[in-house]
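I have placed the structure first, in the form of structure tokens, so that the comments after it can refer back to it.
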Amino acid sequence: MFRNLKAVGRILYGRNSFDQLEDVLAELRIEKDSYVLFLLDPYFEGKDLMKRIPLHTQDILKIIDITDEPKTKTVDAIVAEVKSLRNGLPVSVVGIGGGSIMDYAKAIRLMFTNDGSSALYQGLDFIKNKGVHCTVIPTISGTGAEVSMTTVLSGPEKKLGIKGNFTPADQLVMDPDLIASVPEPHRFYTAMDCYIHNIEAANGHRKTIMGDSLGTESLRLCREIFLSTDSHTPENDEKLMVASFLGGLSLTYSEVGACHAISYGLATVLGIHHGIGNCVVFNQLEEFYPEGVKEFREMMKNNNIVIPTGVTANCTQEEIEKMIDVTLTLVFMWAHVCGPDWETIITREKLRGLLQKM
Ligand code: NAD
Ligand code: ZN
């Protein structure tokens, strides 16, 4: 049985397309008291982009702290706060930022129409009701959150996406100018999330021609950008934004692999963020992705990036075992990497050895 998949709804693409946001939202502001909930990455507080947000008097603008990756309790608190401030639901929840803010927007819009805590819905297809309209506007590229079927949240028990056909955004605005200000090494770390998605998707049992075709083009763009020594140009920003989109879409038809499975363990136990965590892990995965790791190191070198090492050096035995527990719950990823007999290959001992190298 095949899933009848859903990706992002409408796509507005081009330099300065952000300035058309007023027109996009005007189509939704039908009632007199309609309001929009804007969620903004803290980097933009007081900056020019914040002044360009088409904010009407009844709208709400929230700048969300993203020091930690998105949490179910923050999602729940924002939904409760907005419900207490306004009658009725927003006509769109607009997330302007990276994977963190886009995931907040995708989750918050679902929790306006589904009861209880967002933690109840972590996993596949637990959401019952369609959410309110959601607009995502990436300002840093690589995660593919702008197109994906998941919103990754850390709950009281686990870091796991709310995944399903209700999760993708309804509207995407891709304006490459918005990512020009991203500093290194953040830009590299998040971009490598895209590169790693493509390598993992292409090397596994759940690979499909659809996923592979999208991923191959994304990979070609990543190579053009990062095998050069002058990666941070306006043209490359546009390529990176498109690579992230294609990479995210390709994952809808494939699966991530060993790097993501292990980096979820690092994130849960040590709070290491997704982009940098993936780089730390991928750097040690020659055994799984020999050519990808070789090329990744070339990209690091060309872009003067040094990936941290020794991140697990001071971990207790208990912490290492907890990371292994988390990693082993990601059964779809391991089945993609090693096939149905993955449990005979991915042993606790093997994972311990890998984690100790990181
Ligand atoms: P991020 O959203 O956490 O942002 C990283 C940093 O970049 C922040 O400090 C932010 O303030 C800053 N920033 C953003 N835009 C900027 C700009 N234009 N100029 C200067 N600084 C800017 O980073 P990310 O890597 O995009 O997202 C990571 C999150 O995405 C994680 O929580 C991860 O779990 C999630 N994720 C989701 C999916 C999905 O499909 N939903 C996929 C992969 C990762
Ligand atoms: Zn990722």
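A few notes on this one:
- Residue tally, condition in a loop (DSSP other than H, G, I, E, B), closer than 19 Å to residue 149 by Cβ and charged (D, E, K, R), over segment 90-126: 1
- Within segment 299-332, the residues that satisfy the criterion of being part of a helix (DSSP H, G or I), of a type outside the set (A, V, I, L, M) and more than 24 Å from the chain's Cα centre (by Cα) are 301, 302, 317, 318, 319, 321.
- Scope segment 287-306; condition within 20 Å of residue 216 (Cα to Cα) and open to solvent by 20 Å² or more (accessible area, probe 1.4 Å); matching residues: 288, 290, 291, 294, 295, 297, 298
- Close pairs (9 angstrom Cβ cut-off, 6 or more residues apart or separate chains): closer than 28 Å to residue 173 by Cβ in segment 114-139, open to solvent by 20 Å² or more (accessible area, probe 1.4 Å) and part of a helix (DSSP H, G or I) anywhere: 114/120; 114/121; 118/73; 118/76; 127/121; 135/24; 138/245; 139/43
- From 318, 298, 286, residue being touching a residue at least 12 places away in the same chain (Cβ under 8 Å) and away from ligand 2 (no atom under 16 Å from the Cβ): 298
- Where strands (runs of 3 or more DSSP E) fall entirely within segment 127-228, those with at least 2 residues that are open to solvent by 20 Å² or more (accessible area, probe 1.4 Å) and within 16 Å of ligand 2 (Cβ to nearest atom) are at 150-154, 159-163.
- Qualifying residue in segment 234-243 (condition: within 18 Å of residue 351 (Cα to Cα), more than 16 Å from the chain's Cα centre (by Cα) and modelled with pLDDT of 95 or more): no
- Taken over segment 254-296, the criterion of being part of a loop (DSSP other than H, G, I, E, B), within 16 Å of ligand 1 (Cβ to nearest atom) and over 14 Å from residue 69 (Cβ atoms) is satisfied by 254, 255, 256, 257.
- Residue that is more than 16 Å from ligand 2 (Cβ to nearest atom) and modelled with pLDDT of 95 or more, where the choices are 99, 116: 116
The values are calculated or read from the model by the stated rules, or taken from the named source; none is laboratory data. In this text the structure is predicted, and so the values were computed from the model without any measurement. Note: ideal-geometry Cβ built from the backbone for every residue, glycine included; neighbour counts use all protein chains shown. These area figures cover heavy atoms from the full protein model, side chains too; ligands, DNA and RNA do not enter into them. Shrake-Rupley method; radii C 1.70, N 1.55, O 1.52, S 1.80 Å.
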